[in-house]
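Read through the structure below, which is laid out as structure tokens, and then see the notes.
The values are calculated or read from the model by the stated rules, or taken from the named source; none is laboratory data. Please read all numbers here as calculations on a predicted model, not as lab measurements. Here Cβ is always computed from backbone atoms with ideal geometry, including for glycine, and neighbour counts include all displayed protein chains. Note: accessible area is taken over every heavy atom of the protein model, side chains too, but ligands, DNA and RNA are not part of it. Shrake-Rupley method; radii C 1.70, N 1.55, O 1.52, S 1.80 Å.
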Amino acid sequence: MLSRRNPQLNAHGELIHLLSIEGLPREVLTHILDTAGTFLSVNQREVKKVPLLRGKSVFNLFFENSTRTRTTFEIAAKRLSADVINLDIARSSTAKGESLLDTIANLSAMHADMFVVRHGESGAPYLIAQHCAPHVHVVNAGDGRHAHPTQGLLDLYAIRHYKHDFSRLTVAIVGDIVHSRVARSDIHGLTTLGVPEVRVVGPRTLVPGDLRSMGVRVCHDMAEGIAGADVIIMLRLQNERMSGAMLPSAAEFAKTFGLTPEKLALARPDAIVMHPGPINRGVEIDSSVADGAASVILPQVTFGIAVRMAVMSIIAGNEA
């Protein structure tokens with residue numbers, strides 16, 4: 001039975017689904033990050049497997065394309081010894097008109113233990129969590145513009161790995177904020193873990209007006225936004241989600257908000273640069289920065305496997 005207070009937690013406050021970082025207590029986030037740290041060593045072994053999900057079936061339901069996220073979830077589940085089923089959504093019954101909940105009911109009848117869901121509609125993973133069997137766990141792999149909790153968690157892990165102490169940091173999130181579920185997940189996670197200053201940086205057309213209520217500082221000037229920052233998280237322009245012309249051009253955006261070595265020099269000397277991918281080189285980030293000493297973009301991908309292993313192992317170990 002789902003908790004009325006938070007549908008992700010059982011009556012004991014334990015994580016049974018991961019639907020959003022929003023509303024999760026600091027202790028739960030810290031537990032996930034700590035657990036992910038123990039799995040990094042697994043990924044460095046010759047035999048990269050532990051038996052924590054042996055006998056469990058994990059269904060990857062990606063109603064939107066995402067090679068990186070789907071692949072890292074698949075790797076994570078297999079390293080936990082789970083059986084992984086990748087549903088071909090383009091040829092599935094949903095493409096023939098079957099409802100989402102009927103699809104879930106049929107997959108549940110195939111003895112699914114966990115659904116990893118990516119969907120274009122905000123709230124779809126919540127709907128699935130409300131209607132699946134009590135023993136089935138749901139992980140949100142990105143829903144609409146709403147949330148991308150495992151990307152947020154791996155970003156938090158990367159920041160803690162390189163900066164250690166959240167309580168002294170200035171973090172700047174730059175780019176297409178309005179369409180970014182990653183930005184929302186990052187903001188919720190950073191503020192929950194005690195980051196004193198979170199800035200969102202971008203043109204007025206790409207920064208929602210309600211973000212100040214989330215405890216962030218809104219900047220429409222790149223120099224102001226990244227000055228003295230310890231962490232810079234760059235976001236790509238999500239042209240596929242834009243309706244109408246929200247920018248003069250990609251070139252104009254690159255000139256004003258693209259991260260170049262000259263702009264990076266405004267941040268702290270030991271600042272790190274992050275990006276959830278895929279990267280649009282020469283638009284939101286210059287290649288010399290993406291491949292430079294400050295970049296931790298590739299380690300983020302490695303951390304993502306460990307974080308997703310942590311999430312799946314934790315929720316599978318808790319009962320509704």
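If the reach is capped at under 17 angstrom between alpha carbons, list the aspartates and glutamates near K163, excluding any in the same chain fewer than eight residues apart.
Qualifying aspartates and glutamates at Cα under 17 Å: D34, D155, D186, E197, D230, D270.
Work through the residues other than E74 whose Cβ is under 12 Å from its Cβ and net out their charges, Lys, Arg +1 and Asp, Glu -1. List each step's numbers first, then the result.
Working: positive: R68, R70, K78, R79, R308; negative: D83.
With Lys, Arg at +1 and Asp, Glu at -1, the net is +4.
Taking R0 as 35 Å, what's the FRET efficiency between A227 and A11 from their Cβ-Cβ distance, rounded to 0.05? Walk me through the numbers before you get to the answer.
On the way: r = 46 Å, r/R0 = 1.32.
Given R0 = 35 Å and the Cβ-Cβ separation, E is 0.15.
Report the calculated FRET efficiency for S66 and M214 (r = Cβ-Cβ distance, R0 = 30 Å), to the nearest 0.05.
Details: r = 25 Å, r/R0 = 0.84.
Step by step, r from the Cβ atoms, then E = 0.75.
Measure nothing fancy, just the Cα-based angle from helix 67-79's long axis to the longest principal axis of the chain, in degrees from 0 to 90, nearest 10.
Here the helix axis deviates by roughly 50 degrees.
Using alpha carbon centroids, what distance separates the range 1-52 and the range 156-171, in Å?
19 Å
In a shell of Cβ-Cβ distance under 12 Å around L169, excluding L169 itself, what net charge do Lys and Arg (+1) and Asp and Glu (-1) give? Each step should come with its number before you reach the end.
Details: positive: R160, K163, R168, R199, R268; negative: D165, E197, D230, D270.
My count for the surroundings of L169 gives +1.
For the pair R54 and Q130, what calculated FRET efficiency results from E = 1/(1 + (r/R0)^6), where r is the Cβ-Cβ distance and R0 = 30 Å, to the nearest 0.05?
On the way: r = 28 Å, r/R0 = 0.94.
Here the calculated transfer efficiency is 0.60.
Can you bin the range 242-313 into rounded, prolate or oblate? Criterion: square roots of the alpha carbon gyration tensor eigenvalues sorted a ≥ b ≥ c, rounded for a/c under 1.5, prolate for a/b above b/c, oblate for the rest. Present the calculation step by step, with values, prior to reporting the outcome.
Values: a/c = 2.86, a/b = 1.39, b/c = 2.06.
It is oblate, given that a/c is not under 1.5 and a/b is not larger than b/c.
Summing Lys, Arg as +1 and Asp, Glu as -1, what charge do residues with Cβ under 15 Å from the Cβ of I32 carry, I32 excluded? Before the final figure, lay out the partial values.
Values: positive: R26, R160, R308; negative: E14, E22, E27, D34, D155, D186.
With Lys, Arg at +1 and Asp, Glu at -1, the neighbours total -3.
Given labels modelled 7 Å from the Cα in the Cβ direction, how far is it in nm from R168 to A105?
Computed distance between label sites R168 and A105 equals 5.7 nm.
List the lysines whose Cα sits under 24 Å from the Cα of K56, skipping any in the same chain fewer than 8 residues away.
K48, K78
Any idea of the accessible area per residue across the range 104-226, 1.4 Å probe, to the nearest Å²?
Numbers: 4180 Å² over 123 residues.
Dividing the accessible area of the range 104-226 by its residue count gives 34 Å².
Per the Kirkwood definition applied to all pairs of different Cα atoms, how many angstroms is the hydrodynamic radius of the chain? All intermediate terms of the calculation are to be shown ahead of the outcome.
Working: mean 1/r = 0.0498 Å⁻¹.
Final number for the Kirkwood radius of the chain is 20.1 Å.
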